[in-house]
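Below you'll find the structure, written out as structure tokens, and then a few comments.
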Amino acid sequence: MPALEINNLKKIYPNKLEALKGIDLNVNQGDFFALLGPNGAGKSTTIGIICGLVNKTSGAIKVFGHDIDSENSAAKSCIGIVPQEINFSQFETCLGIVLNQGGYYGIKRRVAMKRAEKYLGKLGLWERRNEYSRNLSGGMKRRLMIARALIHEPKMLILDEPTAGVDVELRRSMWDFLIDLNQQGTTIVLTTHYLEEAESLCKNIAIIDQGKIVEDTSMKQLLSKLDKETFFFDLVEPITMLPDLNGLSSKLIDPTTVEIEILRKDNINQVFDIFSSNNINVCSMRNKSSRLEELFLDLLDNNNRTD
Amino acid sequence: MPLQSLFIPFSTIVIKEVSRFMRIWVQTIVPPAISMTLYFVIFGSLIGPRIGTMNGFDYIDYIAPGIIMMSIINNAYANVVSSFYGAKFQRHIEEILVAPIPNFIILAGYVTGGVVRGFLVGMVVTIVALFFTDLHLHSFTITIAVVLMTSIVFSLAGMINAIFANKFDDISIIPTFVLTPLIYLGGVFYSIDLLPEFWQKVSAFNPILYMVNAFRYGMLGESDISITHAFIMLIIFTITLLIVSLQLLNRGVGIKS
């Protein structure tokens, strides 16, 4: 039984905007799943429908086998949601927010208090439990939303861009927390703009664009489709002109930085050979962007061309 | 669904609602006490003796039930409309919408919050009234039943207003332009027998007339309207608003896109 099963899901908003054009999606139990797409692709609409915040136009969704229409309560009990926007009361304390959420899920106060201590503690907020939520920093507010989403210990956690606007250190600690949670059996569905995040964390991936799923596969398979990569080469000494690079697409960004596009079938050693024969010394090299980012842009480009 | 799994979310909403208005008691409990004190001073103590009696009662005794009822109506309405719209505005209504809570429990929780505030403010204003006059109590049961039903009706009305509201203006338009005129023309300060026959018939369309008179009957044993008629109207208002607000929540009007 999949953790999440979406069949032919359509959403047309009252202003006639067709946000979802019949998407199908399966997320397996225990998966760490990425749902990627540009702004306005339909990610948040999909998540909103799964969680009961958006009315669907047609289609079916099952969460751990529970239909969201006929077994709404059972389906909702399996889901924890961390939304994109801050959506808790600014006039309540951190502890109050988490305990109330437990109450909404029918969890006794005594049990909710233990879980609040556990999750607020793990997310570094227990010391600030009695502070009003409005006094927290942006990163703390995001962590508070994660603690709130876990108070009923859901089987599936959905995070809609959880690390948007969060500094690098905090983002890494949130990744570790999510990896740990996933290893304990919680299915995680993540939308993010940071493709590096999806590449590092997720086992499977779906890409949504203009209300359609344009790719639904494993991260490994998707990355194997990449037929070219762009690298930056940092040079020891400045140069004024690039040597002939056997027809490879290349650009001198500045006197000490060269950008070269290398196809999968090409041998990267040839670049070093040419540089060496021209007395050009390379001190470092790096990817221009993450591999997933290049694929992502290619897929969206293809989708736009076929429309 | 087990009863306990319904009771916990219900009590959570109620406790949250009551804590909310108690936390800001200076904004929620004190103002009605002050404004109603002014009513008693001006209309009861200063102008009242010059008016004399109304339907056989001293004027201050006659208006006291109406003034108490006015504060109950205003506060039951204000509590739900401001709290539910505030939750929509700050988006923390989503905390409730994502949880497995049936809509009737959400409605019951918010309405109970409104009823508790209505009762509390009603009690405060009653205590204020005792400084100006000796209150009568004709029927405790009728008095409590009317307060309960009236605060339910206006909590439900506040919920409907909040559901449709898209901006803060929308939650002040109805109380200012609809509720206040209906309260003042609902027999709080006068008997409708004083009105010309045409305006008496027009007054029969004002729901607050039935509530004020039923409450006055509970306290003084005197009413412009038959108590049975008043209760029938209260039951009709309660059921109608209950059905409408539940339907709106079920359809997700104003809260789901």
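The values are calculated or read from the model by the stated rules, or taken from the named source; none is laboratory data. From a predicted model like this one, the values you see are computed outputs, not experimental measurements. Every residue, glycine as well, gets a Cβ built from its backbone with ideal geometry; the counts of neighbours run over all protein chains shown. Side chains included, ligands, DNA and RNA excluded: accessible areas come from the protein's heavy atoms. Shrake-Rupley method; radii C 1.70, N 1.55, O 1.52, S 1.80 Å.
Taking square-rooted eigenvalues a ≥ b ≥ c of the alpha carbon gyration tensor, is region A:1-128 rounded, prolate or oblate, where a/c under 1.5 means rounded and, failing that, a/b exceeding b/c means prolate?
prolate
Among B:230-237, A:99-106, B:191-198, what's the highest-first ranking by average C-beta atoms within 10 angstrom per residue?
A:99-106, B:230-237, B:191-198
Total accessible area buried between chains A and B, 1.4 Å probe, in Å² to the nearest 100?
2400 Å²
With r defined as the distance between the Cβ atoms of A:ILE274 and A:ASN39 and R0 fixed at 45 Å, what FRET efficiency is calculated, to the nearest 0.05?
Working from the Cβ atoms, E equals 0.65.
For region A:176-182, what does the Karplus curve 6.51 cos²θ - 1.76 cosθ + 1.60, with θ = phi - 60°, yield as ³J(HN,Hα) per residue in whole Hz, taken in order and with x for Gly and Pro?
Listing the rounded values in order: 4, 4, 5, 4, 4, 4, 5 Hz.
Calculate, in nm to one decimal, what A:GLU71 and A:LYS251 gain on full extension: separation in residues at 0.36 nm each, minus their alpha carbon distance.
Gain on stretching A:GLU71 to A:LYS251: 59.0 nm.
In nm, to one decimal, how far is the modelled label at B:THR238 from the one at A:LEU17, with both set 7 Å along Cα→Cβ?
4.3 nm
Kindly state, to the nearest 0.05, the FRET efficiency for B:PHE177 paired with B:ILE127, given R0 = 25 Å and r defined as their beta-carbon distance.
Numbers: r = 31 Å, r/R0 = 1.24.
For R0 = 25 Å, the calculated efficiency reads 0.20.
Considering only protein heavy atoms and a 1.4 Å probe, what is the carbon-and-sulfur percentage of the accessible area of region A:228-306?
Of the solvent-accessible surface of region A:228-306, carbon and sulfur hold 47 percent.
Which angle from 0 to 90°, rounded to the nearest 10, does the C-alpha axis of helix A:94-104 make with the longest principal axis of chain A?
60 degrees
Rounded, prolate or oblate: which one fits the protein assembly as shown, using the alpha carbon gyration tensor with axes a ≥ b ≥ c (rounded when a/c is under 1.5, else prolate when a/b beats b/c, else oblate)? Walk me through the numbers on the way to the answer.
Working: a/c = 3.00, a/b = 2.83, b/c = 1.06.
Taking the square roots of the gyration eigenvalues as a ≥ b ≥ c, the protein assembly as shown is prolate.
Helix-derived [θ] at 222 nm for chain A: sum -39500 (n - 2.57) over DSSP H runs of at least 4, divide by residue count, nearest 500?
The helix contribution divided over chain A gives -10500 deg cm²/dmol.
Give the accessible surface of the protein assembly as shown per residue, rounded to a whole number of Å², with probe radius 1.4 Å and ligands, DNA and RNA excluded.
I get 45 Å² per residue for this part.
Tell me the net charge near A:ILE86. Cut-off is 10 Å between Cβ atoms, A:ILE86 excluded, with +1 for each Lys or Arg and -1 for each Asp or Glu. Could the numbers behind the result be given before it?
On the way: positive: A:ARG134, A:LYS141, A:ARG142, B:ARG91; negative: A:GLU85.
The answer is +3.
Determine the share of region B:3-251's accessible area contributed by carbon and sulfur atoms, expressed in whole percent, with a 1.4 angstrom probe.
72 percent
Semi-axes, largest first, in whole Å: what does sqrt of 5 times each Cα gyration tensor eigenvalue give for region A:4-224?
In descending order, the three semi-axes are 28, 20, 17 Å.
How large is the dipole of region B:3-251 about the Cα centre if only Lys and Arg carry +1 and Asp and Glu carry -1, each at its Cβ, rounded to the nearest 20 debye?
Value, rounded to 20: 660 debye.
Just how far, in whole angstrom, is region B:187-207 from region B:25-73 if you go by their alpha carbon centroids?
19 Å
List every DSSP H helix in chain B whose Cα atoms extend 24 Å or more along the helix's own long axis and whose mean Kyte-Doolittle hydropathy is at least 0.0.
B:3-23, B:59-89, B:103-130, B:140-164, B:227-251
Comparing the chain by itself with all protein chains present, which residues of region B:3-43 are at least 50 Å² less accessible (probe 1.4 Å)?
For region B:3-43, once contacts with the other chains are taken into account, B:ILE8, B:THR12, B:LYS16, B:ARG23 lose 50 Å² or more.
Which GluC sites (Glu not before Pro) in region A:118-185 sit in a loop by DSSP (not H, G, I, E or B) and have at most 15 other Cβ atoms within 10 Å of their own Cβ? The partial results should precede the final answer.
On the way: sites: A:GLU127, A:GLU131, A:GLU169; in loops: A:GLU131.
Here the GluC sites (Glu not before Pro) that fit, given the DSSP loop and packing criteria, are A:GLU131.
With axes computed from alpha carbons, what is the tilt in degrees of helix A:138-150 against the longest principal axis of chain A, rounded to the nearest 10 within 0 to 90?
Once rounded, the angle reads 50 degrees.
Tell me the carbon and sulfur percent of the accessible area for region A:99-171, rounded to whole percent, probe radius 1.4 Å.
Working: 1420 of 3110 Å².
Percent of accessible area from carbon and sulfur atoms in region A:99-171: 46.
Can you tell me, using C-alpha contacts under 8 Å and at least 6 residues apart, the relative contact order of chain A as a whole percent?
19 percent
To the nearest 500 deg cm²/dmol, what mean residue ellipticity at 222 nm is calculated for chain B from DSSP H runs of n ≥ 4 alone, each contributing -39,500 (n - 2.57), summed and divided by the residues? Provide the component values of the computation, followed by the final result.
Numbers: 13 runs with 184 residues, N = 257.
Calculated from helices alone, the mean residue ellipticity at 222 nm is -23000 deg cm²/dmol.
For Cα pairs less than 8 Å apart in space and 6+ apart in sequence, what is the mean separation divided by the residue count of region A:228-306, i.e. the relative contact order in percent? Working shown, then result.
Numbers: 99 pairs, mean separation 31.5, N = 79.
Normalised by residue count, the contact order of region A:228-306 is 40 percent.
Among residues other than A:ILE205 whose Cβ falls under 11 Å from its Cβ, what is the net charge (Lys/Arg +1, Asp/Glu -1)?
Taking every Cβ under 11 Å from that of A:ILE205, the sum is -2.
Using a simple spin-label model with points 7 Å from Cα along the Cα→Cβ vector, what separation in nm is obtained for B:ARG251 and B:ASN55?
3.9 nm
Determine the residues within region A:44-60 where the difference in accessible area between the chain on its own and the full set of protein chains amounts to at least 10 Å²; count protein heavy atoms only and use a 1.4 Å probe.
Going by heavy-atom accessible area, the residues of region A:44-60 that drop by at least 10 Å² are A:CYS51, A:GLY52, A:LEU53, A:VAL54, A:ASN55.
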